[in-house]
Amino acid sequence: MKMPEELLKIDYTLPKKSWLEPTVEFRKGTYCYSASAKCQEYLGLPNPRQWQPYEEDWKLPENWKKTILEGMKERLNKYRSFRLFLDICVRCGACADKCHFYIGSGDPKNMPVLRAELLRSVYRKNFTLAGKLFGKFAGARELTEDVVKEWFYYFYQCTECRRCSVFCPYGIDTCEITMMGRELLDLVGCNIDWVLDPAAKCYRTGNHLGVPPHAFKPAIETAVEDVETITGIRVEAPINRKGAEVLFIAPSADYFAMPHWFTLLGYLMLFHEIGLDYTWSAYASEGGNFGLFHSMELAKRLNAKIYAEAKRLGVKWILGGECGHMWRGIHQYMDTFNGPADFLEEPVSPITGTRFENAKSTKMIHICEFTADLLNNNKLKLKPSRNDQWKVTFHDSCNPARSMGLIEEPRYIIKNVCHYFYDMPENTIKERTFCCGSGAGLGADENMEMRLRGGFPRANAVKYVHEKYGVNLLACICAIDKAAFPPLLEYWVPGVEVAGVHELVGNALVMKGEKERTTDLRGEPLRAEEGKGGV
Ligand code: SF4
Ligand code: SF4
């Protein structure tokens with residue numbers, strides 16, 4: 001791996017070659033490996049085969065061109081936004097320097113406008129009069145095998161984060177163009193392992209890690225034991241309990257990965273303390289949805305288990321944990337994918353009586369909305385000094401921030417449970433937040449150089465608050481972030497740890513009957529003044 005000084009030598013000089021000429025060099029560290037034939041077959045996807053992007057022959061099916069163009073036609077008719085986003089771009093360039101991959105790589109085809117042009121040029125050639133008549137003078141080009149390779153390279157160098165869309169005066173969402181580009185590639189069997197392997201596992205077991213129901217239970221029981229060790233309190237963690245009021249769904253990383261695990265402890269402590277009548281599901285054991293990084297169809301298939309389990313268990317509404325793209329799926333698509341969920345009720349907090357009208361259609365709310373409401377109604381006893389070892393900043397995960405507007409609630413929670421909170425510069429947070437660089441299925445090890453480049457703008461803002469205020473903890477509410485940031489920050493900003501917001505809640509929460517705490521949720525000793533002293 002290159003040293004940080006080397007990665008920072010970014011060349012923004014524009015190449016002399018026309019952008020219309022497809023140029024891709026599958027350089028190690030900057031692309032993801034292809035999906036295995038096994039996963040493709042398992043999911044019933046077209047043209048399953050063994051191949052790799054760096055090979056000359058991609059073994060495309062004989063009719064590949066026709067398949068892609070027919071697929072494009074179908075999608076142009078089906079999704080009005082797709083046709084609109086292809087038609088209305090005026091190439092003003094307002095989005096050009098807003099993508100973290102362009103900032104971190106200097107590759108002009110990572111400018112959102114040019115990323116979209118890679119597909120738009122083929123659209124023009126085949127579906128517009130100007131493109132048919134004037135060819136490259138109208139920005140049109142033929143669909144060739146090299147263009148397919150270029151699509152693959154650049155549509156899997158977009159984390160579908162939607163930062164560019166915030167700056168586009170026409171509201172063009174390049175993420176949706178990437179999503180369509182990936183769908184078209186999939187029609188000829190071109191997709192990546194880091195998306196399809198978790199998707200296949202999720203289809204088989206209900207979660208991306210492939211944890212079967214009989215292994216889900218011991219994982220949750222281990223968390224219950226950890227809570228008991230720290231607090232002296234044995235909490236309930238019901239699984240598949242019919243008739244509970246609430247179904248709780250978290251990303252699977254919360255019960256299998258670090259530092260996600262501590263977020264899980266926080267959930268369990270909170271639910272016990274407020275006496276929530278809830279249940280986990282060993283079948284809908286995943287909030288995330290890697291199908292979203294592949295196609296609408298696969299996203300819909302994977303999402304279906306959430307409503308199916310809610311129905312089977314007879315709950316009233318659904319509460320969701322700290323996940324990123326799960327919330328894009330829920331907020332923007334679930335109701336039309338698998339709804340309407342008429343068998344559920346509009347969520348009402350049993351503790352405060354607050355009615356979450358924003359979830360009128362999906363019947364599912366985010367745990368940060370739920371906890372912020374508890375705090376706003378003074379329902380929790382807290383000792384924020386137990387988080388005094390942390391100087392905290394908050395990373396707005398792309399999907400909760402930009403796809404559902406969850407911006408103030410996490411900050412409100414952190415400010416209630418911690419004494420030291422410092423926001424990063426305004427143009428790098430909230431709707432303008434910078435992506436971690438590893439979302440949308442790009443978190444593969446083989447793609448590490450591109451992840452580090454893409455994550456650089458975010459890391460740079462963390463560095464700013466680290467140096468200015470001594471920030472040593474980045475809190476976030478996304479499972480991919482919690483996996484992506486530890487190596488990213490170790491590389492760019494050593495000395496900053498990563499945590500979920502509900503880990504901080506668990507630290508500060510004073511539970512009825514708890515023993516005197518000597519450690520935080522990570523098992524680190526509390527300083528004398530933190531555990532015992534004031535607030
Ligand atoms: S900001 Fe919008 S209109 Fe301008 S180039 Fe980008 S996508 Fe096109
Ligand atoms: S959606 Fe994000 S990653 Fe994709 S082009 Fe826009 S800013 Fe870049």
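Derivation of every value follows stated rules applied to the coordinates shown; laboratory data play no part. If you're wondering where the values come from, they're calculated on a predicted model, not measured in any experiment. So basically every Cβ, Gly included, is an ideal-geometry build from the backbone, and we count neighbours across all protein chains shown.
Inter-label distance, K360 to E467: 4.9 nm, where each label sits 7 Å from its Cα along the C-beta direction. Applying the Karplus relation 6.51 cos²θ - 1.76 cosθ + 1.60 with θ = phi - 60° to segment 231-246 yields 3J(HN,Hα) values of 10, x, 10, 8, 8, 8, 9, x, 10, 6, 8, 6, x, 5, 6, 10 Hz, where x marks Gly and Pro. Potential lengthening of the chain between E490 and D146 amounts to 120.2 nm, from the contour at 0.36 nm per residue minus the alpha-carbon distance.
Dipole check for the chain: with +1 at the C-beta of Lys and Arg, -1 at the C-beta of Asp and Glu, and the Cα centre as origin, the magnitude is about 1160 Debye. Each residue of segment 272-285 is assigned a 3J(HN,Hα), and the resulting list reads 5, 5, 8, x, 5, 8, 9, 8, 8, 10, 7, 9, 8, 9 Hz, derived from the Karplus form 6.51 cos²θ - 1.76 cosθ + 1.60 (θ = phi - 60°), x at Gly and Pro.
Sparsely packed loop sites in segment 312-421 (the trypsin sites (Lys or Arg not before Pro) outside DSSP H, G, I, E and B with at most 15 other Cβ atoms within 10 Å) comprise K360, K379, K381.
What pairs from K300/K430; K305/K363; K316/K415; K383/K515 go past 23 Å between their alpha carbons? Over 23 Å apart, Cα to Cα: K300/K430; K316/K415. Classify segment 195-274 as rounded, prolate or oblate, taking a ≥ b ≥ c as the square roots of the eigenvalues of its Cα gyration tensor: rounded when a/c is under 1.5, otherwise prolate if a/b is larger than b/c and oblate if not. Prolate is the answer for segment 195-274, as a/c is 1.5 or above and a/b outweighs b/c. Taking the helices alone, the chain has a mean residue ellipticity at 222 nm of -13000 deg cm²/dmol, built from -39,500 (n - 2.57) per DSSP H run of at least 4 residues and averaged over all its residues. Here the Karplus curve 6.51 cos²θ - 1.76 cosθ + 1.60, taken at θ = phi - 60°, turns the phi angles of segment 103-115 into couplings of 4, x, 10, x, 7, x, 6, 9, 5, x, 4, 6, 4 Hz, with x standing for Gly and Pro. Were the residues from E74 through T336 laid out at 0.36 nm apart, the gain over their Cα-Cα distance would be 92.4 nm. Overall shape of the chain was characterised from the C-alpha gyration tensor. The equivalent ellipsoid obtained from it has semi-axes of 41, 26, 20 Å, in decreasing order. Expressed in Å, the radius of gyration and Dmax of the Cα atoms of segment 4-191 are 16.4, 48. A viscosity of 1.002 mPa s and a temperature of 20 °C, combined with the Kirkwood radius over C-alpha pairs in the Stokes-Einstein formula, give segment 311-441 a diffusion coefficient of 132 µm²/s.
Taking the Cα atoms only, what angle lies between the long axis of helix 479-492 and the longest principal axis of the chain, rounded to 10 degrees? Value to nearest ten degrees: 80.
What trypsin sites (Lys or Arg not before Pro) does segment 137-244 have in DSSP loop regions with at most 11 other beta carbons within 10 Å? Answer in residue order: R234, K242.
The label-point distance for T229 and N378, in a model that sets each label 7 Å from Cα toward Cβ, rounds to 3.7 nm.
If all Cα-Cα distances of segment 261-371 are sorted into 10 Å bins from 0 onward, what percent lands in each bin, rounded to whole numbers? The distribution over segment 261-371 is 14, 48, 34, 5, 0, given as percents. Pairs over the 30 Å Cα-Cα cut-off, from the set K38/K65; K9/K463; K98/K379: K98/K379.
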